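Chemist: Questions regarding the structure given below will be posed in turn.
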Amino acid sequence: MDNLRKQKRKLKKQIRAASNEETNGLLVIWRQLKTRHSALSRAESARKKRSQKRKNQECFIRDPFQFATTQIRNFDSR
């Protein structure tokens, strides 16, 4: 992910400095990187969400009352 972000940043700088002919080609490459980066970002977010959901389920099964209490406290502290 970090590598893709760096590549996108580097390409943006090249696009600004490039001539009109080169700009179109660089934009195509940048869009491909953007698509790949967003797909990886969505996948990582889904993994984290699944992990958190699994952790919450385990806590709930272990002690439902304690789980509910902590959820209420966390909600109130926002």
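Read-outs throughout are calculated quantities, based only on the coordinates presented, and are distinct from any laboratory measurement. This is a predicted model, so every value here is computed, not measured. Don't worry about glycine lacking a Cβ; one is built from the backbone with ideal geometry, like all the others, and counts go over all protein chains shown.
Chemist: Out of the residues in the stretch 19-78 that are of a type in the set (A, V, I, L, M, F, W, C) and under 20 Å from the mean Cα position of the chain (by Cα), state the one that is farthest from Lys6 (Cα to Cα).
Modeler: Selected residue: Ala46.
Chemist: Then there is this: So which helices (runs of 4 or more DSSP H) stay within the chain end to end and still have 2 or more residues that are surrounded by 11 or more Cβ atoms within 10 Å (Cβ to Cβ) and touching a residue at least 24 places away in the same chain (Cβ under 8 Å)?
Modeler: Because the criterion is at least 2 residues that are surrounded by 11 or more Cβ atoms within 10 Å (Cβ to Cβ) and touching a residue at least 24 places away in the same chain (Cβ under 8 Å), the helices (runs of 4 or more DSSP H) in the chain that meet it are 2-17, 20-62.
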